[in-house]
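Structure, as structure tokens:
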Amino acid sequence: MRVRALTIRIIKQFFHDKRTLAMMLVAPLLILTIISLVFNGEDVVPSIGIEQVSAPMKDLLEAQEITVSEMDQGDAEQKFREGSLDAWITLEDNQPKILLEGSDPGTNQMVLNIVQQAIQSPDQDMKPDVEYYYGSEDMTSFDNFGPVLIGFFAFFFVFLIAGVSFLRERTGGTLERLMGSPVKKSEVVIGYLLGFGFFTLIQSTLIVIYSIYVLDLLMIGDFIWVLSVTLLCAFTALSLGTLLSAFAQNELQIIQFIPIVIVPQVFFSGLFDLEAISDWVSWIGPITPLYYAADALRDVMIRGLGFEEIAINLAVLLGFSLFFSAANILALRKYRSF
């Protein structure tokens, strides 16, 4: 009878905790659905520009499963900067010259294999001259994924620590005592964000320095912009973590936000080819902070771009931070009516 009573109590407890029940039953199905749509999306079709290639080579290229367009080198370089072209091919002294966009080693190898098949000839040995617009032939997959991982780890750990820490401030009674004083809600939020932000600054700096100077991650752009993007990404996670902690009653409920808040961002941050993701879920990427942080970090570290090129991403991350901070102030209304 005692075992039966205990079993019934646990079952009733779960049914009363709707959030835990949803995490157990709905979250796995949601994540599996996203994974299915990510990996069962459209095949990646390389885009190649050509200029002054022979008619037979053009025909062979067009026979491959790629997009072929005629353009000069200036147009090709412009499309490289826009991210809409993978390679540009021309002939110099009857030898093919390939200019690769270069930021993705996997795409580079795919394009080289396609071109090699197109120029194979039984009566002559044609070896293409390969150059890279970004990166180099020594670039590794880690160099490609590394910038995304910097943003992800900065976001994940700050979100988790900030959420748990702010929850402890609330459950320990510190927040209630502050809210009972003349301190404004905005001052409380700003004070907490700046206090946690000090350690966020240290953590972000350590992540960036260790990744670049110890792990030897490819770094072409300026260090200051990598650090700036990482800090904005971490501060966004900080403001979001403190916001969501206002809706949690214990540390377990903070953890429960991870499948909904963190996991989907991984799939749309650039760890997987965004062009291959199904249109059904591709809209999720632009509404997640990590999407913009990863894009900016890759632009700086792999492509060597500066402030003008990443300004929009920085502005969006700052907008996320301000929005979550403002929502934090509103969430504190349930602790004080003035």
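One table, with the values for the structure above:
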{"quantity": "Verdict on P259 being in contact (Cβ under 8 Å) with a residue 60 or more places away in the chain, farther than 19 Å from G197 by Cβ and open to solvent by 10 Å² or more (accessible area, probe 1.4 Å)", "calculated": "yes"}
{"quantity": "Selection status of D299, acidic (D, E) and either crowded, with 20+ Cβ neighbours inside 10 Å or without any contact (Cβ under 8 Å) to a residue 24 or more places away in the chain (or both)", "calculated": "yes"}
{"quantity": "First in the stretch 42-57 and farther than 15 Å from D86 by Cβ, second anywhere and modelled with pLDDT under 75 and of a type in the set (A, V, I, L, M, F, W, C), Cβ under 7 Å, 6 or more apart", "calculated": "E42/A276; M57/A118; M57/I119"}
{"quantity": "Residues satisfying the stated conditions in the stretch 301-315, i.e. within 7 Å of G221 (Cα to Cα) and either part of a helix (DSSP H, G or I) or in contact with an Asp or Glu (Cβ under 6 Å, 6 or more places away or on another chain) (or both)", "calculated": "M301, L305"}
{"quantity": "Count of residues meeting criterion [outside any helix (DSSP H, G or I) and free of Cβ contacts under 8 Å to residues at least 60 places away in the same chain] in the stretch 221-234", "calculated": "0"}
{"quantity": "Selection count where residues are open to solvent by less than 40 Å² (accessible area, probe 1.4 Å) and either in a helix (DSSP H, G or I) or in contact with a Lys or Arg (Cβ under 9 Å, 6 or more places away or on another chain) (or both), scope the stretch 206-220", "calculated": "4"}
{"quantity": "Unique residue being open to solvent by less than 40 Å² (accessible area, probe 1.4 Å) and in a loop (DSSP other than H, G, I, E, B) when the list is A248, A237", "calculated": "A248"}
{"quantity": "L160 at pLDDT 80 or above, open to solvent by 20 Å² or more (accessible area, probe 1.4 Å) and outside any strand (DSSP E or B)", "calculated": "yes"}
{"quantity": "Hits in the stretch 41-65 - residues which are among the β-branched types (V, I, T) and either part of a helix (DSSP H, G or I) or open to solvent by less than 20 Å² (accessible area, probe 1.4 Å) (or both)", "calculated": "I48, I50"}
{"quantity": "Count - residues of the stretch 68-86 that are touching a helix residue (DSSP H, G or I) at 6+ places or on another chain (Cβ under 6 Å), over 18 Å from T140 (Cα atoms) and either open to solvent by less than 30 Å² (accessible area, probe 1.4 Å) or of a type in the set (D, E, K, R) (or both)", "calculated": "1"}
{"quantity": "Number of positions in the stretch 87-111 that are surrounded by fewer than 15 Cβ atoms within 10 Å (Cβ to Cβ) and closer than 15 Å to V45 by Cβ", "calculated": "1"}
{"quantity": "Among (1) among the hydrophobic types (A, V, I, L, M, F, W, C); (2) modelled with pLDDT of 85 or more; (3) out of contact with any Gly (no Cβ under 8 Å at 6 or more places or on another chain); (4) under 19 Å from V148 (Cα atoms) - the single one A326 does not satisfy", "calculated": "(4)"}
{"quantity": "Selection from the stretch 189-211 of residues that are touching a residue at least 60 places away in the same chain (Cβ under 8 Å) and β-branched (V, I, T)", "calculated": "V189, I190"}
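The values are calculated or read from the model by the stated rules, or taken from the named source; none is laboratory data. For clarity, every value in this text was computed on a predicted model and none was experimentally measured. We place every Cβ from the backbone using ideal geometry, glycine too, and count neighbours over all the protein chains shown. Surface accessibility is based on the protein's heavy atoms, side chains included, excluding ligands, DNA and RNA. Shrake-Rupley method; radii C 1.70, N 1.55, O 1.52, S 1.80 Å.
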